[in-house]
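Here the structure comes first, spelled out in structure tokens, and everything after it is commentary.
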């Protein structure tokens, strides 16, 4: 048997729309201006191809969160959370090797 999904509260909808709009803005910046992340984004992402890949991830997240917020149901997206988290932590070290290093354990020649 499948359980019926519960509707979102108005506060949850507001927060989810905020997240979706911010993810969409980040996706637009990263997809259309990937070489200018030093001035347009929170940090510089090099090479620009990595910025474009992050933009695609942001766009995917914005579409999913926006669609499910529009529907008013969050339960259908529960399976996406582990996928998105594992994707981010797989690509993040590849895109910016020193970002996840703690202390002096990670040293890279630049």
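The values are calculated or read from the model by the stated rules, or taken from the named source; none is laboratory data. Since this is a predicted model, take the numbers as computed values, not measurements. Glycine gets a Cβ as well: all are built from the backbone with ideal geometry, and neighbour counts include every protein chain shown.
Residue count for the range 1-37 under the criterion of being crowded, with 17+ Cβ neighbours inside 10 Å, over 14 Å from the mean Cα position of the chain (by Cα) and closer than 30 Å to residue 76 by Cβ: the result is 1.
From the list 94, 84, 59, 40, which one is under 16 Å from the mean Cα position of the chain (by Cα) and at pLDDT 85 or above? Walk me through how you get there before you give the answer.
Details: 94 fails: at pLDDT 85 or above; 84 fails: at pLDDT 85 or above; 40 fails: under 16 Å from the mean Cα position of the chain (by Cα).
None of the others qualify; the one that does is 59.
Residues in the range 66-76 that are within 16 Å of residue 6 (Cα to Cα) and surrounded by 17 or more Cβ atoms within 10 Å (Cβ to Cβ): 68, 69, 74.
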